[in-house]
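Colleague: Pasting a structure here, questions to come.
The values are calculated or read from the model by the stated rules, or taken from the named source; none is laboratory data. In this text the structure is predicted, and so the values were computed from the model without any measurement. Cβ: placed from backbone, ideal geometry, glycine included. Neighbour counts: every protein chain shown.
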Amino acid sequence: MQQATGAGEQKPDVPLVALSGASVHFGAVRALDGVSLSISPGECLGLIGHNGAGKSTAVNVINGGLTPTTGRIEYTMPDGSTATGRLAARASGIRSVFQELSLCPNLTVLENLRIPHRDLTGSGWRQRAGTRILQSLDTIFSGHRIKPGMTVGDLTIAERQMVEIASAFADGSDATRLVILDEPTSSLDASIARQLLDHVRAFCAGGGAVIFISHMLNEIFDVATRIDVMKDGKIIASRPAGDFTQKGVIDAMGHVVGDDAQKQSRDRDPERIGEEVLRTPEGLAARKGEIVGLAGLAGHGQAEALARFYFSRSGSTRRVRAPEVAFVAGDRGRDGVLPLWSILRNLSLTHLPRLVRRGLVDGAAEQALGNEWKSRIGIRTASMDNPILSLSGGNQQKALFARALASTAPIVVMDDPMRGVDVGTKREAYDLIRREAAAARTFLWYSTETEEVCQCDRVFVFRNGRISAELSGAEITEENILSASFEMQETGEVPETGENLEAGR
Amino acid sequence: MNGRFRILLPVLSLAVLLAAVFYLQPRAMSYFGLNLLFNLAVPIALATIAQMMIIMVNDIDLSIGAFVSFVACVTATYLNDAPLIGALILLASILAYAALGALIHLRDLPAIVVTLGMSFVWAGLAVLILPSPGGAAPEWIRAVMTVKPPLVPMAVVACVLIAGLTHLLIMRSSTGTLLRAVGGNAQAVFRSGWSVVRLKAGAYALAGLFGVLSGMCLVGLATSADANIALRYTLLSIAGVILGGGEFTGGKVSPVGAVLGALTLTLAASLLSFMRLSPDWQIGAQGAILILVLAVRLVFARKGRKWKEAGNGSSDG
Amino acid sequence: MAHRMADMIGSLARRPWFWAFAASALAFAATLYLTDGRGGGGLLSAALTFASFSAIVGIGQMFVITLGPGNVDLSIPATMTLAGTLALKFMDGASSLVLPGLGIALLVGLGAGCFNYLLIRLLRIPPIIATLSASFLYQSLAIWWNRGLRIKPPEVLAEFTTGSFAGVPNLAVIGIVIALFGWLILERSLAGRWLSAFGQNTRAARLSGVPVETVRAVTYISCAVLASLTGYLLASFSGGAALNMGAEYLLISIAVVVIGGSSIAGGNSNVPGIWGGALLMFLVVSMLNSYGLGAGVRLIMTGTIIIAIVAAASGKGRAV
C-alpha cells in the first residue's frame, strides 16, 4: 500500500503539501521509493519507521531541502495557488525542527529568529524579535527560564531544543502552517515533552498541521491523527491513528527478535571465560574471553563510557607495539575511516608498528596482512589497494573490524559497530566475534540493537549515564534490558522506542 | 564565555597596560600624550576590523597587510593627483574583495591560500603604482587625521567612533546578525533560504572597505607611502582580533574587542620606550602580551566551565 | 613504443607534482628562448641554488600543513632569522667554529619548535596564533642579539654555500638530500603514515592507536629545525644575516606546498612537488626578469599562479 491520502473519512480540504510518487536515490541506494503522501490543515501525521526507513529523507523532500529524483511535490501557498521549489516550501509556511540542531550557537536567542524570519529588519527589529520568540516560548513551554538576550551556546541542550521548537512555531511575516518535528523530545525531560505534546494538539486543533517523528510510540499515539509507517523507503501502512494499536504498528514494521539470536544467546560457553581483565570506576567489568554488552537507550552514556575506557588505556604520546585495547568505530566517518587511504592502509594502521623493519614499513608484510584479513573477514574488493571509499558501508566496517582484530590487543572495544550494516555482514561479524572470544579476546560491545546485546555473556544496562543493571546468563532477556533502560513513570506505563518495541505492550 | 564576559578581558588588558604607561610616564596622561600614544593605532584598528570581517565568516585573510599598502600607494598617488580615478580604483578593489569572497565560497577554496595569492597580487600592484617610496597625502585626509577636537584627542575619538559604528553594524543590525550567523552555522542560514554566497561576498566587501579606510588613514598620518608600508598589519590584525576575544571559527567576534586589541598591541610596543627598555623588544612585547592574554583567557574559560558544570549538576540533582 | 611513451606521460600527468615541474620547464624554456639558448647552465644552477632554500623550508611547512586544517607555521621567517643571526654571531667569522655554529642554529630550531608546540598544547590555541605570537618573540630576540650588525660568515662556509660539486651547487645537493629523506619519511616510514592519518582524521587516528600528540610535536619541531637550517645556510650564502632575511619565506613556504600539489586540507602531501614549486617560483621570476618585466608584474604573476592552482585543484563547485 503505497498510496496514502488525507485524514481518512473526513473530506480533507486542499492539502498543504502533496507528494506524489517521490523517489530519492543516493547512488545505488534508494532512500525514498515512490512515496505519495499529503497533509492537510488540522492533521497531525505521525511518521514511524526504523533507522534508515526513509523518514528523514521524506521530511527533507517535504521541506524543500532535497529535490526528488523522480515524482513531484506541490505546495499550497497561503493565497491558494500551488508552487514547487525550496523557496515555495518556506513561503507556504513549512518549518522544520531537525535532530541535529540548526541554531547558531554564537548568536542570542532573538538573533537566531532573524535567520528564518526575513521581515525582522529595520529599527526596532530586536524588540520585535524578542517579543515574538518570548511569546512563542511562553505559549509552548510556560515556566521556561530562557531570556531572548541569552547566547544560544550558553544554553543547555534541552533549552536549545526548546528555542528551536519555539522559533519554528513563531509566526513571522508569513504564518506557520506546517511544522515538521523530527525526534523533538529526544533531549527534553518528561514534563517539558508533555508541554510540547499539548501544544502540538492545540496547534492542530487551531488549523495547523504537524508531522511528528518519534521513537516514542506513546507520544505518537498521543498526538497523531494519522500514522504512516515507513520501511525501506516506502510507506507500508497509512491509517487514522485510532485504527492502529501499538502492537499493530510494531507488526507493520516487522520487527521481531529472531529466534536465531535467542537460540545463540543460550549457546553460551562459560568454559572459555577467565580472570577479570578490566574494571572501570563506573563499574564496568570484563573477564578474559568474555563478550560484555553495553545496552540501554541510545545516548545514555554508553559511547562515552567506552571512549573514557579506551583513552585511559591508550596514550597519545608513546608508540605502542602491543596495544592493550583496540577500537572498532561505529560512526565510521567521525571515528574510523581515513578517507584518502586505500583499504589496506586503513586496515593495517593499528598493527603497523609491528610491521616496521629497519625504520621503514615492510610493504610485503603489510600486503600479506591485508590479504590474510581480506579472506578471513571477506572484504569484497578486487584489490586491497582500492580506496576505502570505493567500498560499501558494510565492507568499510569490515575493514575497521580487521584494523582492530589484526592488532594483538587483548581487549577490543566496539562502539555500536553494526550501524548501517547489512544483515549478511552482521552475521559474519557475529561469527568472527565469537571466534575471537574463543581465542581469549575480551570484547566490550555497545549496541543499540537488542538482538546483538542478547548474544553477550554479560550485559550492563545504562540509564542517564550510569549503570542501572548488570545482567548475566539467563537474565539477559529483552524484557530485563528494557525494564532497566526505562525509568518507570507514575502512570505505570513503559515508554517504547523504535528498537525496543516488543516489550512495550 | 558569553558576549559580555568576552569583552571583559580586552578591556582589562588595555586598562592594565594604560595604567602602567601612566605610572611610568605621567605626562602621557595629557591631550598630546594620548594622541601620540594612539595615533598609529587608528589604521591598525581599521585593518583589524577588516580582518575581523573575514574571521567572522570562518576564513582568514593573509593579504590585508599587502592590501592596505596597496591602498596607501593609490591614496598617495592617484587619489591625490586624480581623485576620481583614485576613488574608482579603490571602489574596484572593494569589489575585488567581494568577488574573492564569492569565489572562495563557490569553489570551496581554502581562504588561507587564496588570500596568500592575493597578497602577492596586491603587493605587485602596489609596486607598479609606486616603485619607490613617495607620493603625497591628499590635503583633506591630512586635515582629517590632524584635526584637534576639544578635550579628547583625534586618535581616541577615531577609535571610539570605529568601535561604536562597527558594533552597531555587526552586533546590532539585522544584516550584521546574518553575517555572524554565516560563521556560526552556514548550513542553517542556507536552509532558511538565504544566499550564503552573497552574505560571504558582503563580509569580504566590508573587509575591503575597512582595508581601504585603513590605508587612507595610514597615508594621512605618514604623509607619504611605499609598497611595504603596512606589510606587518597582516599579523597584527590577526593578533588584534584574537586579543579582542574573537575566535577563528564559529563567528565569535567582537568589534569593540578588536579595536581594543589593536590599541593594546600598539600600546605594548610603546610601553617599552616608557620603561626605558631597548626598542628591540617592541615586537616581542606584542607577542608576550598576546601569549599572556591567551593564557589568562584559558584560565577564565576553565573556571567558567567548572562553574557552569557545577551549576548544571545542582539543577539536575 | 609511442604507445608506451603516451602511457608513461599519462601516468606522470596524474601525479600531483607533475604540473609544477611542467610549468617550471616551460618557464625555463621561455627564458632560454629569449637568449637563444645561451646561459642555460647558469640559469639552471642559479635556480637550483635559490630553490633549495624555498624547498627546505617548504618541506617543513608541508609536514605541518599535512596535519590538517588550521595547522600552519607562521614562525618560519623569525626562526630563520634568529638561527642565522645567532649562528653567525657565535662563529664571528672563525672557520673553526663552522660545525658548532651549525649546532647552535639547529638548537635554535629545536627550541623554537618545542616552544611553538608547547604554546599550542598548553594554551590550546590555534597553531596560527601560537606560531604567530611566538614569531614576535623570536624576531625581537634576533633584533636584540644582532643590534643591526652584519657579521660576515666564516670564509669556508661562504665558499661552501656558494660553491658547487661536479657542477651541482652544494646547496642544491643539501636540498635534494633533505628532500629524499623527507620523501622516505613521508612515504615509507611509520611516522609518515601516522602523519597522514592525523591529517585525515585526528580522532580516528587516536582511536587507532596513533600517538597523536607525539606526531604533532615532532612535526612542529622538525619544521622549525628545517627553518633554522635554512636560516644558517641563507645567512652564509648571502654574506651575513639580515633582520628581514626570512620575511619572504613565510608566503613562499606556503606557496610551494600548494603549488606542489599537496592538499591544504591535510593528510595528502608529496615531497617532489615542493621542489617543483620552489623551482617554479624562481624560474617565473627570472623569466619575467629576462623579458624586462619589473617586480610588480612578477609578484602579480606569482599570486595569480597560486590562486589558479588552488582553484584548478579544488575542482568541485557547490550549490549557490
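Colleague: Could you tell me whether any residue of the range A:386-396 is assigned by TED's automatic domain parsing to the domain that holds A:F327, within 14 Å of A:N346 (Cα to Cα) and β-branched (V, I, T)?
Modeller: yes
Colleague: Same structure, new question: Determine whether A:S81 is more than 18 Å from A:L196 (Cβ to Cβ) and touching a strand residue (DSSP E or B) at 6+ places or on another chain (Cβ under 8 Å). Lay out the reasoning, then the answer.
Modeller: Working: more than 18 Å from A:L196 (Cβ to Cβ): yes; touching a strand residue (DSSP E or B) at 6+ places or on another chain (Cβ under 8 Å): no.
Taking the combined requirement at face value, the residue does not satisfy it.
Colleague: Additional query: On the basis of being over 17 Å from B:N228 (Cα atoms), buried (at least 23 other Cβ atoms within 10 Å of the Cβ) and more than 14 Å from chain C (Cβ to nearest Cβ), does B:G183 make the cut?
Modeller: Against the criterion (over 17 Å from B:N228 (Cα atoms), buried (at least 23 other Cβ atoms within 10 Å of the Cβ) and more than 14 Å from chain C (Cβ to nearest Cβ)), B:G183 qualifies.
Colleague: State all residues of the range C:229-254 that are of a type outside the set (A, V, I, L, M, F, W, C), surrounded by 24 or more Cβ atoms within 10 Å (Cβ to Cβ) and more than 13 Å from the chain's Cα centre (by Cα); if no residue qualifies, say none.
Modeller: Residues satisfying the conditions are C:Y232, C:S236.
Colleague: Same structure again: Report yes if some residue within the range B:111-131 is away from chain C (no Cβ under 14 Å), part of a loop (DSSP other than H, G, I, E, B) and over 25 Å from C:V257 (Cα atoms); otherwise report no.
Modeller: We begin by selecting, within the range B:111-131, every residue away from chain C (no Cβ under 14 Å); these are none.
No, because not a single residue in the range B:111-131 is away from chain C (no Cβ under 14 Å), part of a loop (DSSP other than H, G, I, E, B) and over 25 Å from C:V257 (Cα atoms).
Colleague: Looking at the range C:255-272, which of the residues that are buried (at least 24 other Cβ atoms within 10 Å of the Cβ), modelled with pLDDT of 90 or more and in a helix (DSSP H, G or I) is farthest from the other protein chains (Cβ to nearest Cβ)?
Modeller: Once the filter is applied, the top-ranked residue is C:V256.
Colleague: Same structure, new question: Based on what the data block shows, is B:C159 modelled with pLDDT of 90 or more, within 14 Å of another protein chain (Cβ to nearest Cβ) and not in a strand (DSSP E or B)?
Modeller: When the stated conditions are applied, B:C159 does not pass them.
Colleague: Which condition number in (1) surrounded by 20 or more Cβ atoms within 10 Å (Cβ to Cβ); (2) assigned to a helix (DSSP H, G or I) is the one that B:A87 fails?
Modeller: For B:A87, the exception is condition (1).
Colleague: Hey, can you tell me all the residues within the range A:373-400 that are outside any loop (DSSP other than H, G, I, E, B) and buried (at least 19 other Cβ atoms within 10 Å of the Cβ)?
Modeller: Across the range A:373-400, the qualifying residues are A:W373, A:K374, A:I377, A:I388, A:G394, A:N395, A:Q396, A:Q397, A:K398, A:A399, A:L400.
Colleague: Output the residue which, of all residues in the range C:162-174 that are touching a residue at least 40 places away in the same chain (Cβ under 8 Å) and out of contact with any strand residue (DSSP E or B) (no Cβ under 9 Å at 6 or more places or on another chain), is nearest to the other protein chains (Cβ to nearest Cβ).
Modeller: Among residues in the range C:162-174 that are touching a residue at least 40 places away in the same chain (Cβ under 8 Å) and out of contact with any strand residue (DSSP E or B) (no Cβ under 9 Å at 6 or more places or on another chain), the one nearest to the other protein chains (Cβ to nearest Cβ) is C:I174.
Residues are listed down the side, and each one gets a yes or a no for (1) touching a strand residue (DSSP E or B) at 6+ places or on another chain (Cβ under 6 Å); (2) of a type in the set (A, V, I, L, M); (3) surrounded by fewer than 20 Cβ atoms within 10 Å (Cβ to Cβ); (4) part of a helix (DSSP H, G or I):
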| site | (1), (2), (3), (4) |
| --- | --- |
| B:V11 | no, yes, yes, yes |
| B:F32 | no, no, yes, yes |
| B:L46 | no, yes, no, yes |
| B:D59 | no, no, no, no |
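Colleague: Here's another thing I want to ask about it. Among the residues that make up the range C:97-118, is at least one of them within 14 Å of chain B (Cβ to nearest Cβ), closer than 16 Å to C:T230 by Cα, buried (at least 19 other Cβ atoms within 10 Å of the Cβ) and at pLDDT 90 or above?
Modeller: yes
Colleague: Would you point out the residue of the range A:26-38, among those that are touching an Asp or Glu at 6+ places or on another chain (Cβ under 9 Å) and more than 17 Å from A:I94 (Cβ to Cβ), that is modelled with the lowest pLDDT?
Modeller: A:R30
Colleague: Which of the residues spanning the range A:433-479 are touching a Lys or Arg at 6+ places or on another chain (Cβ under 9 Å), surrounded by fewer than 18 Cβ atoms within 10 Å (Cβ to Cβ) and within 22 Å of A:R308 (Cβ to Cβ)?
Modeller: A:A469, A:E470
Colleague: When the range A:463-484 is examined, which residues are found to be in contact with a strand residue (DSSP E or B) (Cβ under 6 Å, 6 or more places away or on another chain) and not charged (D, E, K, R)?
Modeller: A:I467, A:S468, A:A469, A:L471, A:S472, A:I476, A:N480, A:I481, A:A484
Colleague: Which one is nearest to the chain's Cα centre (by Cα) among residues in the range A:103-129 that are at the interface with another protein chain (Cβ under 7 Å from one of its Cβ atoms) and surrounded by fewer than 21 Cβ atoms within 10 Å (Cβ to Cβ)?
Modeller: So, considering only residues that are at the interface with another protein chain (Cβ under 7 Å from one of its Cβ atoms) and surrounded by fewer than 21 Cβ atoms within 10 Å (Cβ to Cβ), the one nearest to the chain's Cα centre (by Cα) is A:P105.
Colleague: Taking the range B:73-91 as the search range and keeping residues that are under 30 Å from B:G183 (Cα atoms) and under 21 Å from the mean Cα position of the chain (by Cα), which one is nearest to the other protein chains (Cβ to nearest Cβ)?
Modeller: Of everything passing the filter in the range B:73-91, B:L90 is nearest to the other protein chains (Cβ to nearest Cβ).
Colleague: Now for a different question. Can you pull out every residue in the range C:142-153 that is more than 7 Å from chain B (Cβ to nearest Cβ), in contact with a helix residue (DSSP H, G or I) (Cβ under 6 Å, 6 or more places away or on another chain) and not β-branched (V, I, T)? Step through it out loud before you land on a result.
Modeller: Let us first name the residues in the range C:142-153 that are more than 7 Å from chain B (Cβ to nearest Cβ), namely C:142, C:145-153.
Then drop every residue that is not in contact with a helix residue (DSSP H, G or I) (Cβ under 6 Å, 6 or more places away or on another chain), which leaves C:142, C:145-146, C:151, C:153.
Those that are more than 7 Å from chain B (Cβ to nearest Cβ), in contact with a helix residue (DSSP H, G or I) (Cβ under 6 Å, 6 or more places away or on another chain) and not β-branched (V, I, T): C:A142, C:W145, C:N146, C:P153.
Colleague: Out of (1) within 14 Å of chain A (Cβ to nearest Cβ); (2) part of a helix (DSSP H, G or I); (3) under 25 Å from B:L103 (Cα atoms), the odd one out for B:W194 is which?
Modeller: The one condition B:W194 does not meet is (2).
Colleague: In addition: In this structure, does C:V285 turn out to be within 18 Å of the chain's Cα centre (by Cα), in a helix (DSSP H, G or I), more than 9 Å from chain B (Cβ to nearest Cβ) and without any contact (Cβ under 8 Å) to a residue 40 or more places away in the chain?
Modeller: yes
Colleague: Checking the condition free of Cβ contacts under 8 Å to residues at least 40 places away in the same chain, on the phi < 0 side of the Ramachandran plot, crowded, with 24+ Cβ neighbours inside 10 Å and at the interface with another protein chain (Cβ under 10 Å from one of its Cβ atoms), which residue from C:G303, C:G294 passes?
Modeller: Matching residue, one of C:G303, C:G294: C:G303.
Colleague: Sort out which residues of the range A:401-434 are of a type outside the set (A, V, I, L, M, F, W, C) and not in a loop (DSSP other than H, G, I, E, B), and write them in order of number.
Modeller: A:R403, A:D415, A:G424, A:T425, A:K426, A:R427, A:E428, A:Y430, A:D431, A:R434
Colleague: Follow-up. Inside the range B:222-245, can you point out the residues that are in a loop (DSSP other than H, G, I, E, B), more than 10 Å from every other protein chain (Cβ to nearest Cβ) and not β-branched (V, I, T)?
Modeller: So in the range B:222-245, the residues in a loop (DSSP other than H, G, I, E, B) come out as B:223-224, B:226-232, B:244-245.
With more than 10 Å from every other protein chain (Cβ to nearest Cβ) added as a condition, the list becomes B:223-224, B:226, B:229-230, B:244-245.
Once the filter is applied, which keeps residues that are in a loop (DSSP other than H, G, I, E, B), more than 10 Å from every other protein chain (Cβ to nearest Cβ) and not β-branched (V, I, T), the range B:222-245 yields B:S224, B:D226, B:A230, B:G244, B:G245.
Colleague: Of everything in the range A:358-367 that's farther than 27 Å from A:V421 by Cβ and surrounded by fewer than 19 Cβ atoms within 10 Å (Cβ to Cβ), which residue is farthest from the chain's Cα centre (by Cα)?
Modeller: Looking at the filtered set, the residue picked out is A:R358.
Colleague: Scanning the range B:273-299 for residues that are more than 23 Å from B:F248 (Cβ to Cβ) and in contact (Cβ under 8 Å) with a residue 12 or more places away in the chain, which turns out farthest from the other protein chains (Cβ to nearest Cβ)?
Modeller: B:F274
Colleague: A:F98 fails exactly one of the following numbered conditions: (1) in the same structural domain as A:D182 (by TED's automatic domain parsing); (2) free of Cβ contacts under 8 Å to residues at least 60 places away in the same chain. What is the number of that condition?
Modeller: The one condition A:F98 does not meet is (2).
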